[in-house]
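I have placed the structure first, in the form of C-alpha cells, so that the comments after it can refer back to it.
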Amino acid sequence: MNIGVIALQGAFVEHQKALARLGVSSVLVKRRQHLAGLDGLIIPGGESTSIGRLMREYDLLEPIRDLAQHGMPMLGTCAGMIILAKRISGGEEPHVAVMDVEVARNSFGRQRESFEADLDIPVLGSRPFPAVFIRAPHIVSVGPNVEVLATYQDRIVAVQEGHLLALSFHPELTDDDRIHAYFLDLVG
Amino acid sequence: MAKTGTEMVKRGMAQMQKGGVIMDVVTPEQAKIAEAAGACAVMALERVPSDIRAAGGVARMADPSLIEEIMKAVSIPVMAKCRIGHIVEARILEAIGVDYIDESEVLTPADDKFHINKKEFTVPFVCGARDLGEALRRIGEGAAMIRTKGEAGTGNIIEAVRHMRTMQAQIRKVQNMSEDELMTEAKNLGAPYELLLEVHRTGRLPVVNFAAGGIATPADAALMMLLGADGVFVGSGIFKSENPEKYARAIVQATTHYQDYELLAELSKNLGTPMKGIDLNTLREEERLAVRGW
C-alpha cells in the first residue's frame, strides 16, 4: 500500500508517523510527479491559504481532483478539509473542490479559543476520540451523499463522502490512530 | 468538556506552521501581500528589525490598534511581539486575541533577569534561543515554539546558521550521551533535567524550531531548512527588498522545495536587489540583539 502525504506546508510529518505506527510507509508529495502510483492521499493540517497557493503554483489542483474523481481515497484534516471542500463560506475560491460540503474557516475563533475535546464518532466504536481543534473550520452544510460522522456542539466536524474523508480536527497530533486505520480500510 | 490553552493546542498550533514562512509586516497592506504570497502567519510590528536598529531608543510592543487592523486584514494567524519579561504587554496582546506572542529580544528587554511565566497564558508563545540550554529554559517556562535567534535586522545569515548548527549539534550530543551523564549536562547547559531527558530519548526539541534573524533570500531560507529548521521567520528581508511581492513568493516556495536545486535556481532569478545587509564585524557588542535573553 502506497500512501502519499501532501508536503507543501503544515503537519505532514505527523501523518507519516501515524501511518508508520500502523505499519504503512508513505511518500511526501510536493510536485505532480510524486502523485504517480499512489493508492491513497492525505492532505494535512496547516494554513489552507499557504497550501492552496502552493498547489496552484505547482499545478497540483487538477491532478488531485482527477484522482479523487476516479476513486482514490483521500483524507483531509483541518486545512486539508478546506482544500477538499467544494464551497468555502465568505466566497473564497475553493481548491481541489471534490467534496459536496460548505466549510467555514476559523469558525471556533482565534488560537486562544483552540481546544481539545472528546468526540463521539460512532464508526470508530464507543470509545470517545481525543480531538484537537486548532483555529478549526467546521462544515456548514452537506450534500445528499455526504455522511456526517461526528458533530461537536451541533457543528459538523467529520464527514465521509464515499472514499473521501474530512475532519475539522487533528488525529495526527494524538497517538489514537483509529481514524488513520479507518482511512486505510477505505484504501483497501 | 472542551479544554483551551493546553500544551497540546499550543504546541499543535506551531506544528501547523511547519514548512512555512512567517513574515514581519507593519501595515495591513503588507499583511495582505504576505498572505497572498503564501505566508503561514504574519508578525505584526510597528517597525521591522532593521528600522528598529536604525531608530535606536526603546523598542516596545506595537500599538494594539495597528495589530487589530492587521488581524482584520488577513485570515492567517497573526503574531505580535512583547518585550522580554513584560507580563502586561503579553496580557494586552492576549486580550486583543493575537494567535501567538513572541517574547522577543528584538524589542528592548523589560526584565534583565526573568522571562515571562508563559504557562499561565492561554495564548501560546514563541521565544528566541541561541543554543539548547536557552531553548529548554524557555520551553520550561512554557514556550510552545522556539526560533533560533540569528541576528535580526542584519540581512546576514551567519548568526542564524551558527545558532541552528549549535542547536542541532547539542541535540545530537545529548542524544548519544549515556543517561548517567545527563544531570551534569543539564547543569552545564543550564537546562531543566526532565526536558533534557526528553531530548535524549527523542533526539529532537519537544517543540517546533523555526529559524530567524538574517534570512534575506530564497537560498537563505532553503539553507536554514536544510540545516534542520522546521520553518522560517523573515523579518526585514521581504519588505526591505526592492520587490517585496516577488521576494515573498520566492521565499515561500524555496522553503517548501528546499532540496530542489534546479527550482531554487529559477526562484532566485531576477528578484531585484535584496535588503542591504550588515557585516556583523561592524556591529558593536551592545548593538547585538541575540545576546538578550537569560
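The values are calculated or read from the model by the stated rules, or taken from the named source; none is laboratory data. From a predicted model like this one, the values you see are computed outputs, not experimental measurements. All Cβ positions, even for glycine, are placed from backbone atoms using ideal geometry, and neighbour counts span all protein chains on display. Please note that ligands, DNA and RNA were not included when accessible areas were found on the heavy atoms of the full protein model with its side chains. Shrake-Rupley method; radii C 1.70, N 1.55, O 1.52, S 1.80 Å.
Apply 1/(1 + (r/R0)^6) to the Cβ-Cβ distance of A:ASP176 and B:PHE114, taking R0 = 30 Å, and write down the FRET efficiency to the nearest 0.05.
Values: r = 38 Å, r/R0 = 1.27.
After rounding to 0.05, the efficiency reads 0.20.
By accessible area, using a 1.4 Å probe on protein heavy atoms only, the range A:2-187 has 46% of its surface on carbon and sulfur.
Identify the trypsin sites (Lys or Arg not before Pro) of the range B:58-111 meeting these criteria: DSSP loop state and at most 16 other C-beta atoms within 10 Å of the C-beta. Numbers along the way, then the final one.
Details: sites: B:ARG60, B:LYS72, B:LYS81, B:ARG83, B:ARG91; in loops: B:ARG60.
Of the trypsin sites (Lys or Arg not before Pro), the ones in loops of the range B:58-111 whose Cβ has at most 16 other Cβ atoms within 10 Å are B:ARG60.
Using just the C-alpha positions of the range B:253-294 as equal point scatterers, what log10 of I(q)/I(0) does the Debye formula give at each q in 0.16, 0.26, 0.31, 0.35 1/Å? The Debye formula, applied to the Cα set alone, gives -0.70, -0.87, -1.07, -1.18. Averaged over the residues of peptide A:170-182, the number of Cβ atoms from other protein chains lying within 10 Å of each residue's Cβ is 1. Restricting attention to the protein assembly as shown, close to 30% of DSSP beta bridges with both partner residues there are antiparallel.
When only Cα pairs under 8 Å and 6 or more residues apart are kept, what is the percent relative contact order across the range A:2-187? Please list the in-between numbers first.
On the way: 406 pairs, mean separation 35.4, N = 186.
Reported as a whole number, the value is 19 percent.
Contact residues in the range A:96-130 (at least 40 Å² less accessible area with all protein chains than alone, 1.4 Å probe): A:ARG110, A:GLN111, A:ARG112, A:GLU116. Placing a pseudo-label 7 Å from each Cα along the Cα-to-Cβ vector at A:ASP66 and B:MET177 gives an inter-label distance of 5.4 nm.
The range A:39-140 gives an Rg/Rh value of 0.99, both radii derived from C-alpha positions and Rh following Kirkwood.
Given the -39500 (n - 2.57) contribution per DSSP H run of 4+ residues, what per-residue ellipticity at 222 nm results for chain A, rounded to the nearest 500 deg cm²/dmol?
Working: 5 runs with 45 residues, N = 188.
Here the helix-only value at 222 nm equals -7000 deg cm²/dmol.
Pairs exceeding a 32 Å alpha-carbon distance, out of B:LYS18/B:LYS240; A:LYS17/B:LYS246; A:LYS86/B:LYS269; B:LYS173/B:LYS276; A:LYS30/B:LYS32; B:LYS10/B:LYS269: A:LYS17/B:LYS246; A:LYS86/B:LYS269; B:LYS173/B:LYS276; B:LYS10/B:LYS269. Rounded to two decimals, the Cα radius of gyration of the protein assembly as shown over 2.2 N^0.38 Å is 0.94. Is the shape of chain B best called rounded, prolate or oblate, per the rule: a/c under 1.5 gives rounded, else a/b larger than b/c gives prolate, else oblate, with a ≥ b ≥ c the square roots of the Cα gyration tensor eigenvalues? Taking the square roots of the gyration eigenvalues as a ≥ b ≥ c, chain B is rounded. From the C-alpha coordinates alone, can you work out the Kirkwood hydrodynamic radius of the range A:2-187, in Å? Result for the range A:2-187 stands at 16.1 Å. The gain in end-to-end length when the B:SER65 to B:THR166 segment is fully stretched comes to 32.5 nm, 0.36 nm per residue minus the alpha carbon separation.
Relative to the 2.2 N^0.38 Å rule of thumb, the range B:64-110 has a C-alpha radius of gyration ratio of 1.11.
Taking chain B as a Gaussian network of alpha-carbon nodes connected by springs under 10 Å, the highest mean-square fluctuation of the residues B:ILE87, B:ILE146, B:ILE67 belongs to B:ILE87. Looking at the range B:139-201, none of the trypsin sites (Lys or Arg not before Pro) sits in a DSSP loop with at most 15 other Cβ atoms within 10 Å of its own Cβ. At an R0 of 41 angstrom, the distance between the Cβ atoms of B:LEU280 and A:ARG110 translates into a FRET efficiency of 0.65. Accessible surface area normalised per residue over the protein assembly as shown is 38 Å², counting heavy atoms of protein chains with a 1.4 Å rolling probe. Computing Rg and the Kirkwood Rh from the Cα coordinates of the range B:1-123 gives a ratio, Rg/Rh, of 0.96.
Using a simple spin-label model with pseudo-atoms 7 Å out from Cα toward Cβ, B:GLU245 and A:ARG31 lie 2.7 nm apart. Secondary-structure-derived ellipticity at 222 nm for chain B, considering helices only, amounts to -12500 deg cm²/dmol, per-run term -39500 (n - 2.57) for DSSP H runs with n ≥ 4. For the chain pair A and B, buried accessible area totals roughly 3100 Å², probe 1.4 Å, rounded to the nearest 100. Spherically averaged projected area of the convex hull of Cα atoms, the range B:42-195: 9.9 nm².
What do you get for Rg/Rh of the range A:85-152 when both radii come from the Cα atoms and Rh is the Kirkwood radius? Walk me through the intermediate numbers first.
Values: Rg = 13.3 Å, Rh = 13.3 Å.
That ratio is 1.00, to two decimals.
Annotation: the antiparallel percentage among DSSP beta bridges lying fully within the range A:2-187 is about 55. What's the FRET efficiency of A:LYS86 with A:VAL148 using the Cβ-Cβ distance as r and R₀ = 25 Å, to the nearest 0.05? Computed FRET efficiency for A:LYS86 and A:VAL148: 0.95.
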